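Colleague: Pasting a structure below so you can have a look.
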Amino acid sequence: MIGADPAAGAARARGGEPFDPSAAAARATEAILRDTLHGADRGVVVDSPPGAGKSTLVVRAARELAAAGRPLMVVAQTNAQVDDLVDRLATADPDLPVGRLHSSDPHPYDPVLDGHASVRASAKIADLAGLDIVVSTAAKWAHVRDVEPWRHAIVDEAYQMRSDALLAVAGLFERALFVGDPGQLDPFSVVGADQWAGLSYDPSASAVTTLLAHNPRLPQHRLPVSWRLPASAAPLVSDAFYPYTPFRSGTGHGERRLSFGVASDGSGPDRVLDEAAESGWGLLELPARRTPRTDPEAVAAVAQVVRRLLDRGAAAVSERSDEPVPVTADRIAVGTAHRDQAAAVRAALTGLGVSGVTVDTANRLQGREFDVTVVLHPLSGRPDATAFHLETGRLCVLASRHRQACVVVCRAGVAELLDEHPSTEPVQLGVTVKFPDGWEANHAVLAHLAEHRVAWRP
Amino acid sequence: MSLITTLARMEAVREGRAQPLTTVRHRHLSERPLAFVPLTTAGEAGAPLGALVGTDRDAPRLLIVAQPRDRDLRFAFLAELAEEIQPYLDSYADEVELEERKETDPETGKKVPVQVELCADAPQLLVPSAAGVAFVRLLGRSMRFRRTAEQDPETPFPAPARVPLLGRWLTHYGERSRVPGSCLLLSLTELLSRHWATGQSPLEDQHLGSLLAWIDPPEGVPGAEAALRAESERDEDGLLRCPPAGPATDPAFDNQLLAPAMSRYDAARAEASQGVAGAEARLRLAEAELRGLIASQLRPTWDALWHGVDLLRSLPEGARVAERWKRDRWSYTAHRDRVRAGEPPQPKRDDAVTAAQKLAARETAQAQLDAHEALDDPLVMAGRRLAGEAFAGEVTDVEMAWSEARVPRPRPLITVRTEDRPHLAERVKLHRVLADGRAQSGEFVGFARTDGAAGTGGADGAAGTDGTDGAAGTGGADGTDGTTGTGGADGAGGAGDADGPGRALVVRLTGGMGRGKQPEPGSVPEKGDRVCWTLFEHAPRGGPELPDPESTPWTHGGPPDAAAPAHGPEPDPMTEEDYL
């Protein structure tokens, strides 16, 4: 989408001076490509806020490298990301020979790729020799042995890649472009890794952390414009999660609108939908109560909001089309913190006869985009605020998946809960403290949501 | 904390007694473990004050440091400690069995089988608490780089023989204890809290006394009350009746008893060094007094530790524990070989590749441990089922089918009726254990509607499923209590009447049926069989190989600097006697 969005030019900066998002994004892209293609450094790092056109950048950089006669390997983190990238590459340039290196499991890749004539899929790297671009997951690349190193690589979602995963694949390339979103969920380990905290190569840290600790002079770029987030969301997400690297929305106020064919019936779900359509945010607040993770009332409320959203015939106006486009089930997502919560919401939606809505945890929603999202707040109904629930990236992912509006369902009392549970993670020598911490970010988001609060009334 | 653990803790509160989390013991317990109960000196980081150590519960060896600020006395303590522990560690080194292992031949580069030694058993160290494990690591770190006069005649402060060697062993044991499921070095608090849920917080469970008070309270005393007493009851002199398990001491003991006794010792020692008449006798007296005081703090913990061992021994060992203990034996054997080969002590810090390898190995060990525990223990499996990671039920239908390959393979479809609510999506891989112990793989196909059985709400789930397991001795986790718990967890079922599309699941078997067109007998379940499928693998594989340290890539700082000494101590540039 970068540089190709005619409707975005009208966005205005908050200070009043004219701001041309397309031009700003194009400038950033040019600088990145210049460093990647002609720079002297072995690595280039690109920070991308949510929906800033990271995939578009990766596709463009890959095509330009290939066009310059420099074959490259692309490392992504999940099979879904790899399939998506290959699909985008093949769609953008149907003649470009692209290899999809996959595992030897049954159904290892998306069958969509078989529809592209120029895409060759194999579990053996030897079958893909000589192709301009070979794409695979970090886990699969780590098993590749005895090949001539590639001169170039692109590492996608580098902030979600663990340092030890980079260690396993870095011998395969000479230089690389690292692209990722520093605000999303950090990689984690199921076992303790404290003994290495503070080491530059802490294997549980993110790949970018290790890379920059050892190569502090690498050029670092930033994509300045989020094309996904509406003008109502970008300032909040930028302030709460990217306080030192602010970004802007590519669209202005009023360019995106949500409307309903059916008027509100005055219930909580309807009123919160109206609020969200009006302001981009809605908080449906249930009475304070300590609940199990799969809080039946909150789960039912989430399902009810989705049901009403569909029933009321929501339609979205955006720069993508002149006519309002119906918000169908596939344009809606429900985000939760835990898998059992997602399962409970799925069951509740099935009970209301809703199908086709994506319901998943923050981890699995990373990188995805929808018109409207309904979020079960990670701290809703909890007696405590653990590091898991406070993690900045979790809330950031949940609050930045939408193009139009985001409805948060939560029990009252989260602000008090936060105040009772300040962050207590030990400070480790040699570890750069991450800003903002989850506690601060949670408060920032809550303070904003409080202005769009609707009390639950069935 | 998993839901089933939360339930067990709530039950423990209600019953006034810890509730079992397992039906078997999931850790290896040696027949002859060495117990080590250390104490440190307040205000002097890492300075030992005393220890009880030994393999005989009735005759522990008491070691003390009468004046912990005196480094000579500390050294003497460490030398004595080495004399106690090192022979124990060595006593397992020579009884070996031969194992065949594949090794890469350096000349041909091929994997060839070689005969290698594996120690038949391995020494096991027990400490009271997690802080004790940390102290073992600290001791190892402070001892392993010392040099004895024999190693280096020039060294200004030679360490007693065996001290550096014990340091290396304690380091190895401390490092091994970070591997999930390993049993070379164990703390009693971690062991006990794995097997029982108390009515207190996990933080409070780190107090060995109060943990035991919940698990085995005195007759007629509720666990909470017994735990509170163990934690904070003081005698008329203000001293804790149950001294802390250490290594930290009770400040009241330090101030009221230890400090004055140490002053008397110091005074007698000063006089003795000046040759004052009778000072030698007073010095002996003062030292004996200190021994008595320190023993009074150590002995209750020593007894508590063995009490805990008794409780754990009353549980039968899990079926896969021996398999994991064998890895501990490999670990012990490998370190024995490194010491014998004259290799230098472990480096202060791991290099990038070693750190990544250790992390990967531990993650694999964790996944393996989780799988093993669930397969060994229906109560643990019940927790996984409650978490949606497994399901058990009765086979209601079997439909033979074959794959469409040129050589068709059996791919029978099994319908399982279950009350569990696994987190399934199409083509999710499933695993189960066959009667002969092999694993069978399958994949989830979809839901099948059961005849009118659907739609009865979710809350009765646990009652039905726990009965099916017939888990002996599951205590509080049986049907009666399960109902209340599951009501909350499955609330969605009741609230939205969202019973899902039925409770009969269809699974396609994809492996474990032999090589022929017809499945091997017994490899396909029959109608009426009870089966338990898991969503997790039973024998998770490790990650990929990492590069050699010499080929550490540029992203991780390149190969470790060859110029800098990779091993051994490096004196502080300003104060040479300090090793960083």
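Here is a yes/no grid of residues against (1) within 33 Å of the chain's Cα centre (by Cα); (2) modelled with pLDDT of 85 or more:
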{"site": "B:Ala471", "(1), (2)": "yes, no"}
{"site": "B:Thr484", "(1), (2)": "yes, no"}
{"site": "B:Thr534", "(1), (2)": "yes, yes"}
{"site": "B:Ala539", "(1), (2)": "yes, yes"}
{"site": "B:Gly542", "(1), (2)": "yes, no"}
{"site": "B:Thr552", "(1), (2)": "yes, yes"}
{"site": "B:Pro565", "(1), (2)": "no, no"}
{"site": "B:Glu576", "(1), (2)": "no, no"}
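Colleague: Just to be sure before I move on: is A:Gly268 farther than 26 Å from A:Arg228 by Cα, over 23 Å from the mean Cα position of the chain (by Cα) and either more than 14 Å from chain B (Cβ to nearest Cβ) or of a type outside the set (Gly, Ala, Ser) (or both) in the structure I sent?
Modeller: When the stated conditions are applied, A:Gly268 passes them.
Colleague: Provide a single number: the residues in segment B:205-242 that are surrounded by fewer than 20 Cβ atoms within 10 Å (Cβ to Cβ) and in a loop (DSSP other than H, G, I, E, B).
Modeller: Total meeting the criteria: 13.
Colleague: Anything in segment A:99-143 that is in contact (Cβ under 8 Å) with a residue 24 or more places away in the chain, part of a loop (DSSP other than H, G, I, E, B), within 25 Å of B:Lys429 (Cα to Cα) and of a type outside the set (Gly, Ala, Ser)? List them, or say none.
Modeller: A:His102, A:Pro108, A:Tyr109, A:Asp110
Colleague: Related question: Among the residues in segment B:252-260, are any farther than 26 Å from B:Pro128 by Cα and at pLDDT 90 or above?
Modeller: For segment B:252-260, residues farther than 26 Å from B:Pro128 by Cα and at pLDDT 90 or above: present.
Colleague: What number of residues in segment A:132-179 are of a type in the set (Lys, Arg) and touching a helix residue (DSSP H, G or I) at 6+ places or on another chain (Cβ under 8 Å)?
Modeller: Here is the first cut: in segment A:132-179, the ones of a type in the set (Lys, Arg) are A:140, A:145, A:151, A:162, A:175.
Cutting the leftovers down to touching a helix residue (DSSP H, G or I) at 6+ places or on another chain (Cβ under 8 Å) gives us A:162.
Looking only at that region, the number is 1.
Colleague: Do we have any residue at all in segment B:153-164 that's under 30 Å from B:Ser193 (Cα atoms) and either hydrophobic (A, V, I, L, M, F, W, C) or part of a loop (DSSP other than H, G, I, E, B) (or both)? Steps first, please.
Modeller: Taking segment B:153-164 first, the residues under 30 Å from B:Ser193 (Cα atoms) are none.
No, segment B:153-164 has no match at all.
Colleague: While we're looking at this one, here's another question. Quick one: A:Thr251 ticks every box in (1) within 14 Å of another protein chain (Cβ to nearest Cβ); (2) crowded, with 23+ Cβ neighbours inside 10 Å bar one, so which box is it?
Modeller: So the condition that A:Thr251 fails would be (1).
Colleague: Which number in (1) crowded, with 18+ Cβ neighbours inside 10 Å; (2) within 13 Å of chain B (Cβ to nearest Cβ); (3) not in a helix (DSSP H, G or I) marks the one condition that A:Val299 misses?
Modeller: (3)
Colleague: Can you pull out the residues in segment B:532-552 that are farther than 19 Å from B:Glu363 by Cβ and within 12 Å of another protein chain (Cβ to nearest Cβ)?
Modeller: Scanning segment B:532-552 gives B:Asp548, B:Pro549, B:Glu550, B:Ser551, B:Thr552.
Colleague: How about segment B:49-62: which of its residues are in contact with a Gly (Cβ under 6 Å, 6 or more places away or on another chain) and buried (at least 19 other Cβ atoms within 10 Å of the Cβ)?
Modeller: Residue satisfying the conditions is B:Pro60 alone.
Okay, residues lined up against (1) free of Cβ contacts under 8 Å to residues at least 60 places away in the same chain; (2) surrounded by fewer than 22 Cβ atoms within 10 Å (Cβ to Cβ):
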| residue | (1), (2) |
| --- | --- |
| B:Val37 | no, no |
| B:Ala47 | yes, yes |
| B:Arg74 | yes, yes |
| B:Ala79 | no, yes |
| B:Ser91 | yes, yes |
| B:Asp94 | yes, yes |
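Colleague: Step by step: first the residues of segment B:304-357, then only those that are of a type in the set (S, T, N, Q) and within 14 Å of another protein chain (Cβ to nearest Cβ), then the one that is surrounded by the fewest Cβ atoms within 10 Å (Cβ to Cβ). Which residue is that?
Modeller: In this case the residue turns out to be B:Thr354.
Colleague: Here's a check for you: in segment A:174-191, which residue that is buried (at least 22 other Cβ atoms within 10 Å of the Cβ) and within 11 Å of chain B (Cβ to nearest Cβ) is nearest to the chain's Cα centre (by Cα)?
Modeller: The selected residue is A:Phe178.
Colleague: Give me the residue from segment B:359-373 that is touching an Asp or Glu at 6+ places or on another chain (Cβ under 8 Å) and in contact (Cβ under 8 Å) with a residue 40 or more places away in the chain and, out of that set, farthest from the other protein chains (Cβ to nearest Cβ).
Modeller: B:His372
Colleague: Further question: Looking at segment A:75-98, which of its residues are surrounded by 15 or more Cβ atoms within 10 Å (Cβ to Cβ) and in a helix (DSSP H, G or I)?
Modeller: A:Asn79, A:Ala80, A:Gln81, A:Val82, A:Asp83, A:Asp84, A:Leu85, A:Val86, A:Asp87, A:Arg88, A:Leu89, A:Ala90
Colleague: Scanning segment A:183-211 for residues that are closer than 16 Å to A:Ala165 by Cβ and charged (D, E, K, R), which turns out modelled with the highest pLDDT?
Modeller: A:Asp202
Results for (1) among the acidic types (Asp, Glu); (2) more than 15 Å from the chain's Cα centre (by Cα); (3) modelled with pLDDT under 95; (4) not assigned by TED's automatic domain parsing to the domain that holds B:His335, shown as yes or no for each residue.
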| residue | (1), (2), (3), (4) |
| --- | --- |
| B:Val114 | no, yes, yes, no |
| B:Arg144 | no, yes, yes, no |
| B:Ala161 | no, yes, yes, no |
| B:Trp169 | no, yes, no, no |
| B:Glu175 | yes, no, no, no |
| B:Ser182 | no, no, no, no |
| B:Leu191 | no, no, no, no |
| B:Gly220 | no, yes, yes, no |
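Colleague: Any residue in segment B:258-280 that is under 30 Å from B:Asp370 (Cβ atoms) and surrounded by 12 or more Cβ atoms within 10 Å (Cβ to Cβ)? Break it down stepwise before answering.
Modeller: To start, the set of residues in segment B:258-280 that are under 30 Å from B:Asp370 (Cβ atoms) comprises none.
Within segment B:258-280, not a single residue is under 30 Å from B:Asp370 (Cβ atoms) and surrounded by 12 or more Cβ atoms within 10 Å (Cβ to Cβ).
Colleague: Filter segment A:136-149 down to the residues that are surrounded by 19 or more Cβ atoms within 10 Å (Cβ to Cβ) and more than 11 Å from chain B (Cβ to nearest Cβ) and list them by number.
Modeller: Within segment A:136-149, A:Ser136, A:Thr137 qualify.
Colleague: Same structure again: What about A:Gln160, is it facing chain B (nearest Cβ under 9 Å) and under 19 Å from B:Leu359 (Cα atoms)?
Modeller: No, not satisfied.
Colleague: Which of the residues that make up segment A:211-240 are in contact with a strand residue (DSSP E or B) (Cβ under 8 Å, 6 or more places away or on another chain), within 14 Å of chain B (Cβ to nearest Cβ) and not in a helix (DSSP H, G or I)?
Modeller: A:Asn215, A:Leu218
Residues checked against (1) surrounded by fewer than 20 Cβ atoms within 10 Å (Cβ to Cβ); (2) within 14 Å of chain A (Cβ to nearest Cβ); (3) within 27 Å of A:Ala342 (Cα to Cα):
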{"residue": "B:Leu375", "(1), (2), (3)": "no, no, yes"}
{"residue": "B:Ala382", "(1), (2), (3)": "no, no, yes"}
{"residue": "B:Gly388", "(1), (2), (3)": "yes, yes, yes"}
{"residue": "B:Val398", "(1), (2), (3)": "yes, no, no"}
{"residue": "B:Glu404", "(1), (2), (3)": "yes, yes, no"}
{"residue": "B:Leu413", "(1), (2), (3)": "yes, no, no"}
{"residue": "B:Arg417", "(1), (2), (3)": "yes, no, yes"}
{"residue": "B:Pro422", "(1), (2), (3)": "no, yes, yes"}
{"residue": "B:Lys429", "(1), (2), (3)": "yes, yes, yes"}
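Colleague: Since A:Pro71 meets every condition but one in (1) farther than 19 Å from A:Asp181 by Cβ; (2) at pLDDT 95 or above, which condition does it not meet?
Modeller: Among (1) farther than 19 Å from A:Asp181 by Cβ; (2) at pLDDT 95 or above, the lone unmet condition for A:Pro71 is (2).
Colleague: Give the residue, chosen from B:Leu39, B:Leu34, B:Leu81, that is among the aliphatic types (A, V, I, L, M), touching a Pro at 6+ places or on another chain (Cβ under 6 Å) and assigned by TED's automatic domain parsing to the domain that holds B:Glu117.
Modeller: Unique residue meeting the criteria: B:Leu39.
Colleague: For segment B:268-278, enumerate the residues that are modelled with pLDDT of 90 or more and either touching a Lys or Arg at 6+ places or on another chain (Cβ under 8 Å) or on the phi > 0 side of the Ramachandran plot (or both).
Modeller: Residues satisfying the conditions are B:Ala268, B:Glu271, B:Ala272.
The values are calculated or read from the model by the stated rules, or taken from the named source; none is laboratory data. Remember, it's a predicted structure, so these values are computed and weren't measured experimentally. Every residue, glycine as well, gets a Cβ built from its backbone with ideal geometry; the counts of neighbours run over all protein chains shown.
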